[in-house]
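Single-structure report; data block below.
Throughout, read-outs are computed from the coordinates displayed, never taken from laboratory work. It should be emphasised that the depicted structure is a prediction, and the values quoted were computed from it without experimental measurement. Every residue, glycine as well, gets a Cβ built from its backbone with ideal geometry; the counts of neighbours run over all protein chains shown.
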Amino acid sequence: MDFTPTYANEGKGCQALGVAATVKMEGCVYRVALVEGGTSPFPTTTAIVCPAGKSIIVTASSLPCTVTIWEQSGLSGVSLENGAGPEPRTSRQP
């Protein structure tokens, strides 16, 4: 499954390094795949997948700082579970 998040600095506020920040996905997605044979909460492998030459860019508003996150694969730590109740369902990251 591919997820394209939207980060905003309104309401809850998006922060990096303790200050307001912007996150530009530049076409990148989070790709989550279930690990075969897992039980709930279902373990996954996760990847950051980007178009050629693109990356996720995090810019701290009042600091001269930019964090660039390039493609990555084989990440772990995200689990999914079946839950009762209305959408949206949530996922947890330990």
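Listing for the model above:
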item	result
Neighbour net charge for GLU71 - beta-carbon separation under 14 angstrom, K R +1, D E -1	0
Net +/- balance of residues flanking ARG31 in space, Cβ distance below 13 Å, scoring K and R +1, D and E -1	-2
